[in-house]
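Engineer: The structure's right below; bear with me while I get my questions together.
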Amino acid sequence: MQDATINYSSSTEHLQQALLDYRQANGAEQKKAAWQRIVALTSSLNCRHVTRFANTLRGAFDYVADEIELQSHPWLYLNHYSGYVRQQALANIAQQSQPLPNSLFGALLLLRLNDWVKTVRAQALATFQAKLTQPGNHDYAEAIVWLLGMWLRWGRQAAAEREPVLRLLVQSKMLPALLNYLQREPTRPIARALQQLAHLSAIDDSLWRLATTARQPLIRLFCYKSLFKQQLQWIVDHQWQVVDKFSGERRWSPVWNYRSLTTQVDRLEILNHMARDKAALVRRQAGALLIEIADTDPRVQQMAGLAQLLASDRYPAVAYRGDFALRELKKNPAANEHC
C-alpha cells in the first residue's frame, strides 16, 4: 500500500489546481463541477493529513468570503482566517442535510473543536451534534476515530469540552459503527481511540468480540487485558513529572483514570485465546498474565497446558514467560493434589 504522505504530496498539485478552478469559476454549475473534483481528489486521503489540507484550504481562500459561496459550499471555509467565517460555515453545515463529502472533510469539521476561538469551538460541537442526528452519520466513523486518537495532544480543548463529544457518540447510536470500524481497521493509531472510549460502559459488551476478531493486535491486547484485569484505564490528561530534583529534569507523563468492568469472562478462557493469538505481543502478555495467577488459581492442569504451549513458542520472549509460569505453578498449593 502506498504511504499516505506520498498520496497527499502527489495530490497537492491537482488539488491546488481544483481549488483555483473553483475560485475562477463563473456561475453555479462551474463551481459545482470544481467542488465535485475537490471532493474526488480528497476522498482517498487519510485523516491524519487534515492539518496540511486545512492549510491548503486557508491559502486558497484567503479572501473575504462571499455569502453565496459560504452558503453553497461552506466546507471550503472551515479553516478561513476569519473566526466569523469559520463559525458561519459551521452553522451553514449544521442546517444542510447533504451527506458528508468524505472522511477528510469530516476530520476538518472536528478539527474546529480545537479552534482558537471559543465560540467557534462551541459552534463546532453544535454542528457535530446536528450531523450525528442526520441519516448517514456512520460516514463520520473514520474522522471520529482520528479525533479520539489526537485530541489529547490539543492544547485549547479542555477535558470538560471532551465529555459532551463522548456523550454524543452514545446518544446518537454512533458507538456501534465506531466499534465496527475499530474491529476491521489494521492501522496502529486506532488503539488510542479505543482507549479514549474506555470510560463509556456502553462498550463493555463489545470487548470480547473485539478481543477475538479485531485485526489490530493492539486492539486485541487492550481488550484481552482489560477483561482479564476486570478494569479499563484511559488517559485523561498529561502533566509534568519531576524525574530528578537535583538537575530539574522533568517528563511529560500521562494522567490515568480507571473503572471496573461490567462484563466478565473466565480468566483461563481469556488466556487460552491469548496464547493462540497470531501476534507475538499478545502471546507474550498471555505469559505475563499467566504468571500472575500461576501460584493462586486452583486449575493447575489447565494452566500447565497453557504454560507448556507458551514455552514451546518460537519467540524467545514468549517461551521464557511460559517456562517461568511452569516454575511458578510448582508453588501453587493445588499442585500437590495432582502429584
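Engineer: From I219, I235, grab the single residue that is touching a Phe, Trp or Tyr at 6+ places or on another chain (Cβ under 7 Å) and among the β-branched types (V, I, T).
Structural biologist: Result of the check over I219, I235: I235.
Engineer: Here's something else I'd like to know. Are any of the residues in segment 29-42 loosely packed, with under 15 Cβ neighbours inside 10 Å and either of a type in the set (S, T, Y) or in a loop (DSSP other than H, G, I, E, B) (or both)?
Structural biologist: The answer is no, given that none of the residues of segment 29-42 is loosely packed, with under 15 Cβ neighbours inside 10 Å and either of a type in the set (S, T, Y) or in a loop (DSSP other than H, G, I, E, B) (or both).
Engineer: Restricting to segment 108-127, what's the tally of residues that are in contact (Cβ under 8 Å) with a residue 40 or more places away in the chain and closer than 20 Å to S43 by Cα?
Structural biologist: Number satisfying all stated conditions: 2.
Engineer: Would you pick out the residues in segment 193-231 that are more than 24 Å from Y140 (Cα to Cα), of a type in the set (S, T, Y) and surrounded by 18 or more Cβ atoms within 10 Å (Cβ to Cβ)?
Structural biologist: Y224, S226
Engineer: Looking at W234, W252, W240, can you tell me which residue is part of a strand (DSSP E or B) and buried (at least 18 other Cβ atoms within 10 Å of the Cβ)?
Structural biologist: Of the residues listed, the single one that is part of a strand (DSSP E or B) and buried (at least 18 other Cβ atoms within 10 Å of the Cβ) is W234.
Engineer: What pairs come out if I take residues in segment 258-275 that are without any contact (Cβ under 8 Å) to a residue 60 or more places away in the chain and pair them with residues that are among the small types (G, A, S) whose C-beta lies under 6 Å away, six or more apart or interchain?
Structural biologist: Pairs that qualify, where the first residue is without any contact (Cβ under 8 Å) to a residue 60 or more places away in the chain and the partner is among the small types (G, A, S), are L271/A286; M274/A286; A275/A286.
Engineer: Quick check: anything in segment 205-215 touching a helix residue (DSSP H, G or I) at 6+ places or on another chain (Cβ under 6 Å), in a helix (DSSP H, G or I) and under 21 Å from R153 (Cα atoms)?
Structural biologist: The answer is no; no qualifying residue exists.
Engineer: Only one residue in R251, R184 is under 30 Å from L110 (Cα atoms), at pLDDT below 90 and among the charged types (D, E, K, R). Which one?
Structural biologist: R251
Engineer: Here's a follow-up. Filter segment 230-244 for residues that are farther than 25 Å from E269 by Cα and not β-branched (V, I, T); which is nearest to the chain's Cα centre (by Cα)?
Structural biologist: It comes out as D237.
Engineer: Given the conditions (1) under 19 Å from the mean Cα position of the chain (by Cα); (2) over 26 Å from L15 (Cβ atoms); (3) surrounded by fewer than 17 Cβ atoms within 10 Å (Cβ to Cβ), report the number of the one that Q134 does not fulfil.
Structural biologist: Status for Q134: all satisfied but (1).
Engineer: Follow-up. State whether one or more residues within segment 61-83 are under 24 Å from the mean Cα position of the chain (by Cα) and either among the hydroxyl-bearing types (S, T, Y) or loosely packed, with under 13 Cβ neighbours inside 10 Å (or both).
Structural biologist: So far as segment 61-83 goes, no, none of its residues is under 24 Å from the mean Cα position of the chain (by Cα) and either among the hydroxyl-bearing types (S, T, Y) or loosely packed, with under 13 Cβ neighbours inside 10 Å (or both).
Engineer: Select from segment 285-339 the residues that are of a type in the set (A, V, I, L, M, F, W, C), more than 19 Å from F228 (Cβ to Cβ) and part of a loop (DSSP other than H, G, I, E, B) and list them in ascending order.
Structural biologist: Once the filter is applied, which keeps residues that are of a type in the set (A, V, I, L, M, F, W, C), more than 19 Å from F228 (Cβ to Cβ) and part of a loop (DSSP other than H, G, I, E, B), segment 285-339 yields only C339.
The values are calculated or read from the model by the stated rules, or taken from the named source; none is laboratory data. Bear in mind the structure is a predicted one, so any value in this text is a computation, not a measurement. We place every Cβ from the backbone using ideal geometry, glycine too, and count neighbours over all the protein chains shown.
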